[in-house]
1. Sorted by accessible area (1.4 Å probe), largest first, how do Ser71, Ser94 line up?
2. Amide H to amide H, which residues 5 or more places from Ser94 or on other chains are under 5 Å from it, using H placed in the peptide plane?
3. Please calculate the 1.4 Å probe accessible area of Asp73, with all protein chains present, and give it to the nearest 10 Å².
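The values are calculated or read from the model by the stated rules, or taken from the named source; none is laboratory data. Nothing here was measured: the structure is a model prediction, and the numbers come from that model. Accessible surface areas use protein heavy atoms only, side chains included; no ligands, DNA or RNA. Shrake-Rupley method; radii C 1.70, N 1.55, O 1.52, S 1.80 Å.
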Amino acid sequence: MSKYSPGDEPAGTPGEVTVSFNGRPITTSAGQSVGSALVTNGITAWRDTRKQARPRGLFCGIGVCFDCLVSVDGIANQRACLVEVCEGMKIEGSWEGTSAASVPASVPSEPKGSRE
């Protein structure tokens, strides 16, 4: 039998925080990276490539590449895999030719249309 009743958190267990992604609130565990918070909430792409508008999100997850760039609290080009979420944080993706507010929460793995 557990010494914790439902809803109790053991000491040291991170709580939940609410952040916004492109204006939409998402809830995640405190201590997670921005990238893991987005993926945990089903958001797998948050920017696209300049030339062919291909979706990008987490790739390496350890700060080596730059596929996961986001704006955090107005500061552009932050690697989502390295920034820890904080309560009230405002995260924005970067989509060429569209406003961030109009971007869907999840993006198909392949762009629509023909491949060039």
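1. Ser94, Ser71
2. Arg47, Asp48
3. Surface open to solvent at Asp73 totals about 90 Å².
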